[in-house]
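Report on the following structure.
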Amino acid sequence: MPFELKITRTVDLRCSNCGKIITGEPIVVKTCCVNKPWVFCSRECYKQFVAKWTRNQDAGKGGGTLRKVVF
């Protein structure tokens, strides 16, 4: 699960989700599978990212067979 980081410097950044320039306080998040922190402009963008990220993490846990061998 992604966890939120506290950022101390304020620079103009772009949102990792929508691409908007962030001039205020950004939301910075680190995931377990990407070394680079993700930066978001709002809680809504962060929620959209978490929904997509969780869906992708659960994709490998389907447990079903994709194809059957037909003889």
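The values are calculated or read from the model by the stated rules, or taken from the named source; none is laboratory data. Just so it is clear, the model here is predicted, and its values are computed rather than measured. Note: ideal-geometry Cβ built from the backbone for every residue, glycine included; neighbour counts use all protein chains shown. These accessible areas exclude ligands, DNA and RNA; they are computed on the full protein's heavy atoms, side chains included. Shrake-Rupley method; radii C 1.70, N 1.55, O 1.52, S 1.80 Å.
Brief remarks on what is shown
- Residues of the stretch 1-17 satisfying the condition of being at pLDDT 85 or above and assigned to a loop (DSSP other than H, G, I, E, B): CYS15, SER16, ASN17
- Reported count of residues in the stretch 18-38, each being modelled with pLDDT of 90 or more and touching a strand residue (DSSP E or B) at 6+ places or on another chain (Cβ under 9 Å), is 3.
- Note on the stretch 39-69: among residues that are under 11 Å from the mean Cα position of the chain (by Cα), basic (Lys, Arg) and at pLDDT below 90, the one that is surrounded by the fewest Cβ atoms within 10 Å (Cβ to Cβ) is ARG55.
- For the stretch 25-37, filtering for residues that are farther than 14 Å from GLU4 by Cα and touching a residue at least 12 places away in the same chain (Cβ under 8 Å) leaves 0.
- First in the stretch 38-60 and in contact (Cβ under 8 Å) with a residue 24 or more places away in the chain, second anywhere and open to solvent by less than 50 Å² (accessible area, probe 1.4 Å) and part of a helix (DSSP H, G or I), Cβ under 7 Å, 6 or more apart: TRP38/PHE49; PHE40/TYR46; PHE40/PHE49
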